[in-house]
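Here is the structure we will look at.
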Amino acid sequence: MTKKATVNYHVHKPQRQAFELDAGGIVGNLIAPELAPTEVQVRDARTLHFDDSFHDEAVAFALAPTEVVFAERSNDWQTVYDAELTALLTRKLDAQEVIVFDHTIRIDDPGAVRKPARNVHSDYSVEGAEQRLIDILGAGKAAKWSTGHYAFINIWRPIETPINSAPLGFVLPSSVAPEDWILLDLIYPDRKGQIMGLAANPDHQWIYMSKMTPDEVAYFNIFDNQGRPSVGHSALDMVEDPNITAVRKSIESRTLVRFA
């Protein structure tokens with residue numbers, strides 16, 4: 001089944017572009033480059049048998065109930081959740097080692113500190129991924145991992161209620177041209193990174209999973225040092241049922257995975 005949604009693509013510019021997070025020392029304050037709202041057709045992964053598609057399209061979905069009750073102002077849940085995610089990726093991807101290094105709870109509310117990301121992007125450039133590897137492991141261990149196969153993989157889950165609005169959508173890598181990607185700086189108060197923005201292309205094929213529940217996750221590649229494609233993704237501006245008013249809440253977890 002196909003539905004319509006609006007996404008915000010990036011725009012090619014002659015000069016380098018950047019996001020500035022927590023700009024001016026204000027938590028949650030974001031300065032963004034120009035974006036181009038674009039209507040796209042999205043297909044429902046529930047009808048496309050995408051449960052085991054990671055090795056083909058670098059994005060997949062799984063039933064993965066959690067014992068965790070998430071809280072923004074406490075990290076008491078993180079040890080249990082990290083273990084759950086490690087077990088999931090070990091089982092699904094035959095991972096040899098999994099490091100869960102970041103969690104972000106997002107709430108689609110104007111007053112939220114972290115809102116859904118409404119720009120089409122992937123989280124790392126090559127340089128950004130290599131630097132993040134060093135940040136996490138240290139230079140020595142990062143050099144050893146770099147001689148083998150490693151990847152950064154995101155895991156996304158609804159929390160509290162099923163997703164009725166602003167679901168997370170994905171662009172199938174097979175539909176993306178190399179020139180669609182735009183290198184962007186990511187400026188934090190204490191460090192600088194790089195991400196990849198995606199420019200509009202009518203060939204892009206979008207998917208999402210309708211009405212995802214807190215028992216379901218999406219997991220997708222955001223960098224792979226042996227060439228598995230990165231997955232462009234964004235919150236989709238669309239509503240499943242206009243009679244439901246539940247606010248979209250989700251958690252995204254970033255992981256570093258080493259393969260045998």
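The rows are residues; the columns are (1) within 21 Å of R43 (Cα to Cα); (2) among the charged types (D, E, K, R); (3) out of contact with any Ser or Thr (no Cβ under 7 Å at 6 or more places or on another chain); (4) crowded, with 22+ Cβ neighbours inside 10 Å.
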site: W181; (1), (2), (3), (4): no, no, yes, no
site: I187; (1), (2), (3), (4): no, no, yes, no
site: Q226; (1), (2), (3), (4): no, no, yes, no
site: G232; (1), (2), (3), (4): yes, no, no, yes
site: V239; (1), (2), (3), (4): yes, no, no, no
Discussion item. Pairs please, first residue from the range 188-200 and within 12 Å of D22 (Cα to Cα), second anywhere and modelled with pLDDT under 95 and of a type outside the set (A, V, I, L, M, F, W, C), Cβ atoms under 7 Å, 6+ apart in sequence or on different chains.
Written reply: Y188/D22; P189/D22; P189/G25
Worksheet item: In the range 138-164, how many residues are over 21 Å from the mean Cα position of the chain (by Cα) and either within 27 Å of F70 (Cβ to Cβ) or part of a helix (DSSP H, G or I) (or both)?
Response: 8
Practice prompt. Look at M209 and say whether it is in contact with a helix residue (DSSP H, G or I) (Cβ under 6 Å, 6 or more places away or on another chain) and under 23 Å from P158 (Cβ atoms).
Written response: yes
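Can you find a residue in the range 181-197 that is of a type outside the set (S, T, N, Q), over 14 Å from V59 (Cα atoms) and in contact with a helix residue (DSSP H, G or I) (Cβ under 6 Å, 6 or more places away or on another chain)? Can you show your working first?
At the first step, the residues of the range 181-197 found to be of a type outside the set (S, T, N, Q) are 181-193, 195-197.
Subset that is over 14 Å from V59 (Cα atoms): 181-193, 195-197.
Next cut, in contact with a helix residue (DSSP H, G or I) (Cβ under 6 Å, 6 or more places away or on another chain) only: 193.
The answer is yes, given that some residue of the range 181-197 is of a type outside the set (S, T, N, Q), over 14 Å from V59 (Cα atoms) and in contact with a helix residue (DSSP H, G or I) (Cβ under 6 Å, 6 or more places away or on another chain).
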Worksheet item: Counting only residues that are free of Cβ contacts under 8 Å to residues at least 60 places away in the same chain and part of a strand (DSSP E or B), which one in the range 16-36 is farthest from A112 (Cα to Cα)?
Response: I31
Fill in: Subset of the range 66-84 (residues that are over 14 Å from I105 (Cα atoms), part of a loop (DSSP other than H, G, I, E, B) and of a type in the set (V, I, T))
T66
Discussion item. Just to check your reading of the model, which residue among V100, V40 is touching a helix residue (DSSP H, G or I) at 6+ places or on another chain (Cβ under 6 Å), aliphatic (A, V, I, L, M), part of a strand (DSSP E or B) and modelled with pLDDT of 95 or more?
Written reply: V100
Discussion item. Can you say whether D215 is touching a strand residue (DSSP E or B) at 6+ places or on another chain (Cβ under 8 Å), among the charged types (D, E, K, R) and at negative phi, as far as the supplied structure shows?
Written reply: yes
Worksheet entry | Hits in the range 205-260 (condition: under 17 Å from the mean Cα position of the chain (by Cα) and free of Cβ contacts under 8 Å to residues at least 40 places away in the same chain) | none
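Within the range 206-260, track down each residue that is of a type in the set (G, A, S) and either more than 18 Å from H121 (Cβ to Cβ) or in a strand (DSSP E or B) (or both). Outline the logic, then answer.
Looking only at the range 206-260, we keep the residues that are of a type in the set (G, A, S), and these are 210, 218, 227, 230, 232, 234-235, 246, 250, 253, 260.
Those that are of a type in the set (G, A, S) and either more than 18 Å from H121 (Cβ to Cβ) or in a strand (DSSP E or B) (or both): S210, A218, G227, S234, A235, A246, S250, S253, A260.
Every residue, every condition in (1) touching a Ser or Thr at 6+ places or on another chain (Cβ under 7 Å); (2) in contact (Cβ under 8 Å) with a residue 12 or more places away in the chain, yes or no:
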position	(1), (2)
V40	no, yes
L48	no, yes
A64	no, yes
A71	no, no
W77	no, no
L88	no, yes
K92	no, yes
Q96	no, yes
R114	yes, yes
Practice prompt. Taking V68 as the residue in question, decide whether it is in contact with an Asp or Glu (Cβ under 6 Å, 6 or more places away or on another chain) and β-branched (V, I, T).
Written response: no
Fill in: Which listed residue is surrounded by 16 or more Cβ atoms within 10 Å (Cβ to Cβ), at pLDDT 95 or above, farther than 22 Å from P37 by Cα and in contact with a Phe, Trp or Tyr (Cβ under 8 Å, 6 or more places away or on another chain), from I207, I159
I159
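The values are calculated or read from the model by the stated rules, or taken from the named source; none is laboratory data. Fair warning: this is a prediction, and the values are worked out from it, not measured in the lab. Positions of Cβ are backbone-derived with ideal geometry, glycine not excepted, and every protein chain shown enters the neighbour counts.
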